[in-house]
Amino acid sequence: MREKIVIGLVVAAALLLAYNLYQIFLVLPDEALQGAIYRIIFFHVPAAITGMIGYFVALALSVLYLSSGNFRYDSLAASVVEVSLVFSVVNIVTGSIWARIIWGIWWTWDYRLTSALVCVLIFSGYLMLRRGIDEPTQRARLSSALCIFGCIDVVIVWKSIEWFRTQHPGPVLSIRTGGGNIDPAMEHMLYMNFYAILMIAVALVLIRTRQEATSREIDSLRRLANAA
Amino acid sequence: MRSLRQALFVAGKDLAIEWRTKESLNAAAAFAVAILLLFSFAFDPFAESTRETAGGLLWLVFAFAGALVFNRGFARELPNECLDALLSSPLSAASLLLGKALGNFVLLLVLELISLFVFGIFYDVRWWLHPLNLAVVCALATWGISIVGAVFGALTVNLRLRELMLPVIIYPLLIPLLIAAIEITGTLLANRPITAYELLWGRVLVVFDVIFTALAMALAETILVN
């Protein structure tokens with residue numbers, strides 16, 4: 001059943017992505033001020049939103065693990081963080097490419113860039129911590145605690161750096177601005193690509209969770225064999 | 001109240017051990033002086049631009065040297081199963097964590113005082129111009145570093161790669177706190193007046209301390225006992 005869901009998601013994401021790529025590169029016109037490079041926003045923003053959603057899903061799963069002790073929540077949290085980290089890196093890389101063309105620099109210490117980097121560093125630490133612990137219960141417990149601290153820290157970083165430096169363009173989505181900052185056709189395409197990227201993320205999480213559960217089974221069998 | 005008394009007892013025990021052995025403080029102070037010395041080769045110690053970044057240099061020294069203190073906090077309880085004995089005593093996990101954080105806090109403050117004297121001499125920075133303000137910033141930021149250090153010192157105490165993992169985990173978490181401390185300390189060392197901007201950063205310090213102390217207390221059982 002899980003395999004069918006994954007295949008269904010991947011096929012739907014591929015079809016939607018193909019349609020989106022056609023629209024983004026062949027139908028939508030260039031942006032008046034930025035030219036063709038503005039198209040990077042269709043990957044940059046959805047990757048950022050997907051990554052952030054993932055971290056807060058991982059926070060909820062970590063709390064669930066700590067309250068229930070069910071390893072499925074831990075496997076799911078680890079998978080979600082891993083996939084979110086990939087999308088955060090996509091977000092930073094695409095942002096850097098855009099900044100090089102528009103600002104003439106690869107990086108600036110702007111609040112959004114800094115908070116995105118802090119996110120990547122915190123959750124890279126989360127994955128490193130998991131690799132550093134062999135005992136499954138200890139690994140799940142400690143990484144859940146780190147995930148909770150990490151998510152709270154991301155919120156504090158986001159708010160504190162907001163008062164510090166700002167060079168990043170302001171919000172464009174109507175949901176935050178009330179409209180008027182982006183052409184409706186472009187905004188529609190941004191949402192469409194978000195759905196495609198979200199479906200890819202969910203499919204990756206499902207695949208990764210299965211691998212995580214399998215590795216835990218192998219680990220417990222190895223322990224049984226060693227104990228015998 | 002009973003928890004606070006237990007925490008003070010743990011902190012007193014740690015400080016008494018440290019007073020006798022001086023293992024963390026000597027290493028951390030030597031490390032702090034070495035970093036300050038190295039910074040003098042990276043920047044011109046008497047240039048105006050270095051004075052502008054003095055707050056940043058100081059807090060980097062405190063944070064780096066602090067990691068040596070946190071590493072020892074729980075690690076000194078490992079020989080002779082002392083950590084297990086502490087956990088099986090009537091002491092609550094939250095009191096133990098709070099006590100360790102208090103111990104870290106006092107040791108870090110001593111380290112900061114030593115570093116400030118050295119910094120004043122090496123870099124000709126007059127850090128004593130606003131002693132009360134500087135003391136408040138140091139106390140707030142040091143408490144944040146201490147509580148995060150205690151939590152993650154406890155989390156990583158049984159890991160093979162403890163010395164490697166601790167800095168990798170705590171420095172990204174400390175970023176908002178360090179930014180706030182650097183901003184306010186920079187203003188104080190440059191003898192500029194405190195404005196609404198610095199007060200805003202002061203609020204970040206307070207918010208960080210309150211949230212992370214509350215989280216640490218709430219998760220103490222999870223981190224230490226289960």
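Some notes on this structure:
- Every test in (1) in contact with an Asp or Glu (Cβ under 9 Å, 6 or more places away or on another chain); (2) away from chain B (no Cβ under 14 Å) is passed by A:Ser115 save one, and that test is (2).
- Residue pairs whose Cβ atoms lie under 6 Å apart, separated by 6 or more positions or on different chains, with the first residue in region B:152-165 and under 21 Å from B:Leu215 (Cβ atoms) and the second among the charged types (D, E, K, R) and surrounded by fewer than 19 Cβ atoms within 10 Å (Cβ to Cβ), are B:Thr156/B:Arg162.
Here is a yes/no grid of residues against (1) within 14 Å of chain A (Cβ to nearest Cβ); (2) at positive phi; (3) part of a helix (DSSP H, G or I); (4) in contact with a Gly (Cβ under 8 Å, 6 or more places away or on another chain):
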| residue | (1), (2), (3), (4) |
| --- | --- |
| B:Leu107 | no, no, yes, no |
| B:Asn133 | no, no, yes, no |
| B:Ile147 | yes, no, yes, no |
| B:Ala150 | yes, no, yes, yes |
| B:Leu166 | yes, no, yes, yes |
| B:Leu173 | yes, no, yes, yes |
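- Of all the criteria given as (1) more than 9 Å from chain B (Cβ to nearest Cβ); (2) modelled with pLDDT of 85 or more, the one not satisfied by A:Arg141 is (1).
- Members of region A:118-138 found to be assigned to a helix (DSSP H, G or I) and either more than 14 Å from A:Val81 (Cα to Cα) or at the interface with another protein chain (Cβ under 7 Å from one of its Cβ atoms) (or both), listed by number: A:Val118, A:Leu121, A:Ile122, A:Gly125, A:Met128, A:Leu129, A:Gly132, A:Pro136, A:Thr137, A:Gln138
- Test: residue in region B:205-220 that is facing chain A (nearest Cβ under 10 Å) and touching a Gly at 6+ places or on another chain (Cβ under 6 Å): yes
- Any chance B:Leu98 is more than 14 Å from every other protein chain (Cβ to nearest Cβ) and either more than 30 Å from B:Thr187 (Cβ to Cβ) or of a type outside the set (D, E, K, R) (or both): yes
- Count - residues of region B:24-46 that are in contact (Cβ under 8 Å) with a residue 24 or more places away in the chain, under 20 Å from B:Leu108 (Cβ atoms) and among the polar types (S, T, N, Q): 1
- Restricted to region A:1-113, the set of helices (runs of 4 or more DSSP H) holding at least 3 residues that are charged (D, E, K, R) comprises A:2-22, A:71-102.
- Candidates A:Met199, A:Met189, filtered to the one that is modelled with pLDDT under 90 and assigned to a helix (DSSP H, G or I): A:Met189
- Within region A:84-111, being more than 14 Å from chain B (Cβ to nearest Cβ), surrounded by 15 or more Cβ atoms within 10 Å (Cβ to Cβ) and either among the charged types (D, E, K, R) or within 14 Å of A:Cys147 (Cβ to Cβ) (or both) holds for one residue alone: A:Ser84.
- Members of region B:56-99 found to be of a type outside the set (A, V, I, L, M), part of a helix (DSSP H, G or I) and modelled with pLDDT under 85, listed by number: B:Phe70, B:Asn71, B:Arg72, B:Gly73, B:Phe74, B:Pro79, B:Asn80, B:Glu81, B:Cys82, B:Asp84, B:Ser88
The values are calculated or read from the model by the stated rules, or taken from the named source; none is laboratory data. Quantities reported herein were computed from a predicted structural model and do not represent experimental measurements. Glycine gets a Cβ as well: all are built from the backbone with ideal geometry, and neighbour counts include every protein chain shown.
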